């Protein structure tokens, strides 16, 4: 059973693009407005309704991604949250009745609950209560495959549980034994808190060991400079499908949220023939819990180390601009906003011809990972954005006996001219400065 609450005192207006989508979808309803009702107030309400509807649809998809079957959905609008139960006593009675009549096993709240709210709700409702952060953590736990991912999920879960142990006081105390230990002793609360703190320290040590290994691997990788390009974006924007289309890596593609949790790295050759490492990362979402950003910093290190970010957006989503804001917010928490970013509008195969033509005029690159449309333009844009190892053009004169040098230039650079004279090969190569610089001794003078 899903419970979503909109606090009208915290409403905010939609972006311009989302407003256009609203106008296209609900123009007839807006035309019915009569009297002296101000257009600004009506537009604000419609903006909020569309925003809330999109948030609710996203929450339902989160629940299905966790394997839930939705028995009922309750929605409440109130000015501000109730300190004791979030929803107030009247709504709480309604939730309890619906949960009992539908035989719901769990009630999912599309909000983070305080420890006291969680305790009060569980005391009143006939089933388990889970808030938004717990739901996301459960999805992450389902999709973690590597040891690193499992450790990061466990760390986030432990840090979430620690402040929610309150309310289990002296009734569960354990008596000590021996002289001077008579009395209430250590409470179960203190015991659990101590155990969780010890486990958190242990998991952090293991994660630090993982980070150390990753640093060593990265240092070996950086000995031969290969730029890293990272895919970032909102969850379910099609990053893994695009990753597969470009690299033919065959990683998991799923419409479920957070299907990709562990980072994927794959070598890729660009049109200039220089090689990069393309990284597919976990998707972001609105109100992503800060604990997750902190716990998954090791996974997101590839984003921090990347030279260029490919911000993949779902061109078919009416909330595209709002999703962009959410991604940029998380990138700000990671301190990577200063990196070059290539905007990629994915899923254009779901758009009409007119909508595709409009997107083609913008700075963002329209592509379809599923239909493999626009990939050549995307690879060319990556080539242009890499500035650490720029493309240069050089004229060489190489003896034919230097087969290794000729093979390396042929493999790593694009040849625009090539001729033979005696035992010499004259060629003009365009490629990475680091590669061409290694054969500067063959550079043609004058």
Which FRET efficiency, nearest 0.05, do residue 325 and residue 364 yield, Cβ-Cβ r, R0 22 Å?
0.90
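Between residue 381 and residue 195, 0.36 nm times their residue separation minus their Cα-Cα distance comes to what? Walk me through the numbers before you get to the answer.
Values: separation 186, 0.36 × 186 = 66.96 nm, distance 5.13 nm.
The span from residue 381 to residue 195 would gain 61.8 nm if fully extended.
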Can you compute the FRET efficiency between residue 411 and residue 248 using 1/(1 + (r/R0)^6), with r the Cβ-Cβ distance and R0 = 22 Å? Round to the nearest 0.05.
0.70
Given a Förster distance of 56 angstrom, what is the FRET efficiency for residue 165 paired with residue 265, based on the Cβ-Cβ distance and rounded to 0.05?
0.90
I'd like the distance separating the alpha-carbon centroids of the range 64-88 and the range 343-357, in whole Å.
35
Extended-chain gain in nm, criterion 0.36 nm per residue less alpha-carbon gap, residue 423 and residue 304:
38.0 nm
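Can you tell me which of 155-163, 134-142 comes out highest on packing, and rank the rest after it, using the mean Cβ neighbours within 10 Å?
Descending packing order for the listed peptides: 134-142, 155-163.
Under the classification rounded if a/c is under 1.5, otherwise prolate if a/b is larger than b/c and oblate if not, where does the range 391-442 fall, given a ≥ b ≥ c as square roots of the Cα gyration tensor eigenvalues?
Prolate is the answer for the range 391-442, as a/c is 1.5 or above and a/b outweighs b/c.
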Above 21 Å lies some portion of the pair distances; for the range 314-446, what is it as a whole percent of all C-alpha pairs?
59
Between residue 128 and residue 208, what is the spin-label point distance in nm, taking each point 7 Å from the Cα along the Cα→C-beta axis?
3.3
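Readers should treat all values here as calculations from the given coordinates under stated rules, not as data from a laboratory. Predicted model, so just to flag it, every value in this text is computed and none were measured. Neighbour counts run over all protein chains shown; Cβ positions are idealised from the backbone, glycine included.
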